[in-house]
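Take a look at the structure below.
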């Protein structure tokens, strides 16, 4: 099949990434003589009409979510359109790599971030999340693969494909499990309503990786990882990295609290504590939270052998079998 050469007025230069349902191209806006990224999705090959509608709706949802946001640490949206059964978004082109590539120890290159680098990048990510939350947008899939680092290691948050408009009158029947299992909050795993604290939980996992080069919750498959997220307390970062101040242990413990109400009330509060810890100030420990009792009606649907980084969607009352699980398009490979 021949690659397209144009979407609307935007000329295709080359493929940047390819996934099961969509692609990202480097493009050119000839009117403004500006390089852009063109994200496309085609649902023509899907036989299930409901699945086609779901993919298309989620793609449009991403465009609507990003269009509301104008922030230096969020990838900007320039345009949106559809032609010949293919929807496309024209976005800011970020020259750089996903944060996931820097965390991947199997890569040929590796960059050791200083503590100052890690805290600065976390503060930029939290600034982006705080701005999104203030504008009623919950990302719901915060992970290193959705954090772009520019050539000067500045953060750009991307892929709001599963973002949820946090409206007061939101349809509460749409509280399904959406996100990436390794970075899901307990309330996402159990199919409960998701709020800003779910994004902060995922940010806490990224912080843990910055501090220790490891994930706080690891297992042999989706179910094992989710069990750890629900019930296990991660090893304090200072145990794995003795150079760290205990203040960072307290920040991580609060960010990764099992109950949303025990986490930081806002991205700004999370960011402020990080800056205090970096400056050598003490962080007061939080009272030991009560451990919630989780109802795992939706937690086991993903199965034991599935990819722990696959993005999945299941209804709130999903059966424990994965037979009816709807799998979203995986992230595009870089």
Hey, for a label at residue 269 modelled as a point 7 Å past Cα toward Cβ, could you say which residues of region 192-207 have their backbone N under 18 Å away? 194-205
Along Cα→Cβ, 7 Å out, is where each label goes; now give me the distance between the ones at residue 115 and residue 9 in nm to one decimal. 5.1 nm
In nm, to one decimal, how far is the residue 68 label point from the residue 284 one, both placed 7 Å along Cα→Cβ? 3.4 nm
Hull-based mean projected area of region 234-295, where the convex hull spans the alpha carbons, in square nanometres: 4.7 nm²
Taking 0.36 nm per residue of separation between residue 261 and residue 152 and subtracting their Cα-Cα distance, the length gained on full extension comes to 35.7 nm
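Coordinate-derived values only; no laboratory data. What you are looking at is a predicted structure, and each value in this text was computed from that prediction instead of being measured. Cβ: placed from backbone, ideal geometry, glycine included. Neighbour counts: every protein chain shown.
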